[in-house]
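Below you'll find the structure, written out as structure tokens, and then a few comments.
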Amino acid sequence: MKKKILLTGSQGFIGRNLYSFLKEKYDVFCVDHYAFPDNGISRYFKVDLLSQESVDNFSRVVSDIKFYSVIHTAFLLCRPDDRQSLDYLHKNTQITENMVKLLKKINFGSLLNFSSIAVYPVKNAIFKEESEINMSKNTECLYGIAKFNSEMLFTFLLSDKAKIVNLRLCQVYGPGMQDDRLVGSFMKKLADQNKITVYGNGKRVSNFLHVKDLCVAVSAVLANPSSGTYNLGCFKNMSYLDLAQKIIDEKGFPGSRIVKISKGSTAKAKIATKKFVKTFGYKCTTIDFGF
């Protein structure tokens, strides 16, 4: 009999990929707020994680089920023009609070909470899990605050019940991604304008994680959950200029070009990923921008 897993945010970009990857090995119970799933999910539950009533109703439905693990991906991404909207902070905090209430009522062995490198400041540094936390030095400050709060609340309130694994995801990309995220935005601009514009002359460095690698990494965590906080990203950090060039190499057209703008961040914010590799035995190596 397959072990049962509860997956929140199952209709999001990451959630869809995780479901497709895990469904052969695990019995995946999918949760999202959409009325009708679009990828043939057999166990799907419409739950609004912003609604206490909806969460309570769902908890009663699954109260007798023993879940091997809960994978929590559900969160609201700030749109580029709304990054100073406190509404996102309030709503994401409410999602975390309702998840805590749900998890206190159900049986589960481990929680894989998807956090973010948005908890770190954007500056020249190599960020390990114990490095400085300073969301105010990040354009996604409010999102980062909400993610860090989720790490603290889940660990503080639930660690006596199950293993809590916080995964600080780097910039995830791959098939089906949104075009308002960096890689998707670069691809859209290339398709529409045959050029990619990079700010800070493309010197800024970050870490980009292919969703395929993410799925395999999650499978490695599920095989042997170990409580703690881990950066999850590719073994290699990359500049925005190199990223743009790789996208052009894979998806470009005759005359495709990169436009450099001096204005903008040049921070080399590198993410260290060795702790994850050492703990779970999987190293993310995929660098494929031709998806």
Check: Once you sort the root eigenvalues of the Cα gyration tensor of the stretch 66-131 as a ≥ b ≥ c, which label holds: rounded (a/c under 1.5), prolate (a/b larger than b/c) or oblate (the other case)?
Finding: oblate
Notebook entry, point to check: How much of the accessible area of the stretch 142-291, probe 1.4 Å, is carbon plus sulfur, in whole percent?
Noted result: 51 percent
Check: Gap in Å between the Cα centre of the stretch 253-291 and the Cα centre of the stretch 78-120?
Finding: 25 Å
Item checked: Whole-number accessible area per residue in Å² for the chain, which is evaluated in the context of all protein chains at 1.4 Å -> 47 Å²
Next item on the list: Name the residues whose placed amide hydrogens come within less than 5 Å of the amide hydrogen of VAL122, ignoring near sequence neighbours (fewer than 5 apart) on the same chain.
Entry: LYS137, ASN138
Checklist line | Share of carbon and sulfur in the accessible heavy-atom surface of the stretch 1-71 [1.4 Å probe, %] | finding: 51 percent
Next item on the list: Measure nothing but the geometry: give the 0 to 90° angle between the long axis through the Cα atoms of 52-61 and the longest principal axis through the Cα atoms of the chain, rounded to 10°.
Entry: 60 degrees
Next item on the list: Please give, to one decimal in nm, the separation of the simple spin-label points placed at LEU153 and GLN94, each 7 Å out from Cα toward the Cβ.
Entry: 1.2 nm
Checklist line | Distance (nanometres) between label positions extended 7 Å along Cα→Cβ at TYR34 and ILE126 | finding: 4.1 nm
Margin query: Nearest 10 degrees is fine. How inclined is helix 86-105 to the longest principal axis of the chain, computing both from alpha carbons?
Written below: 30 degrees
Item checked: Crossing angle, helix 240-251 versus the chain [Cα axis fit, 0-90 degrees, rounded to tens] -> 90 degrees
Notebook entry, point to check: Got a sec to turn the phi values of the stretch 140-147 into Karplus ³J(HN,Hα) couplings, 6.51 cos²θ - 1.76 cosθ + 1.60 with θ = phi - 60°, whole Hz, x for Gly and Pro?
Noted result: 9, 3, 5, 5, x, 4, 4, 5
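So if each residue of separation counts as 0.36 nm, and I subtract the Cα-Cα distance between ASN134 and SER227, what length gain in nm does that give?
Full extension of this stretch gives 31.2 nm more.
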Next item on the list: Give LYS23/LYS278; LYS4/LYS101; LYS4/LYS147; LYS91/LYS195 a once-over and call out the pairs whose C-alpha atoms are over 28 Å from each other.
Entry: LYS91/LYS195
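The values are calculated or read from the model by the stated rules, or taken from the named source; none is laboratory data. What you are looking at is a predicted structure, and each value in this text was computed from that prediction instead of being measured. Note: ideal-geometry Cβ built from the backbone for every residue, glycine included; neighbour counts use all protein chains shown. The area values use the complete protein model at the heavy-atom level, side chains included, leaving out ligands, DNA and RNA. Shrake-Rupley method; radii C 1.70, N 1.55, O 1.52, S 1.80 Å.
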